[in-house]
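Presented below is the structure to which this report refers.
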Amino acid sequence: MRIIQKVCCSNCGNKCERHHIDESQICRTQCAKCDYLMINCTRTGRVIEAYAPGIYANK
C-alpha cells in the first residue's frame, strides 16, 4: 500500500510530499521547491538517505 501526504518541508517550509511505502518499509519525504530529500525506514526510524541543500552537517 502507498500513502501520499502533503506536509511542510523541514528545509524551506513550502509544501512537499511524504510517501509511505509499506511493501519496502520506507517513508520518503521530498520537496520540489528546494530539492530536499529524506528516506527513513518505517520499522526502525533510521535515516537511509538524506539530502538537504543549505543545511550543513556538524563535523
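Scanning the range 7-59 for residues that are part of a loop (DSSP other than H, G, I, E, B) and β-branched (Val, Ile, Thr) gives THR42, THR44, ILE55.
Yes or no: MET38 modelled with pLDDT of 90 or more and of a type outside the set (Phe, Trp, Tyr)? So MET38 fits the description; yes. Do we find that ALA57 is loosely packed, with under 11 Cβ neighbours inside 10 Å and at pLDDT below 90 in this structure? Here the answer is yes, as ALA57 does meet what is asked. Considering only the range 5-54, state which residues are surrounded by fewer than 15 Cβ atoms within 10 Å (Cβ to Cβ) and of a type in the set (Lys, Arg). If the condition is that a residue be surrounded by fewer than 15 Cβ atoms within 10 Å (Cβ to Cβ) and of a type in the set (Lys, Arg), then LYS6, LYS15, LYS33, ARG43, ARG46 are the ones that fit.
The values are calculated or read from the model by the stated rules, or taken from the named source; none is laboratory data. Not measured: the values here are computed from a predicted model. Virtual Cβ from ideal backbone geometry, glycine too; neighbours counted across all protein chains shown.
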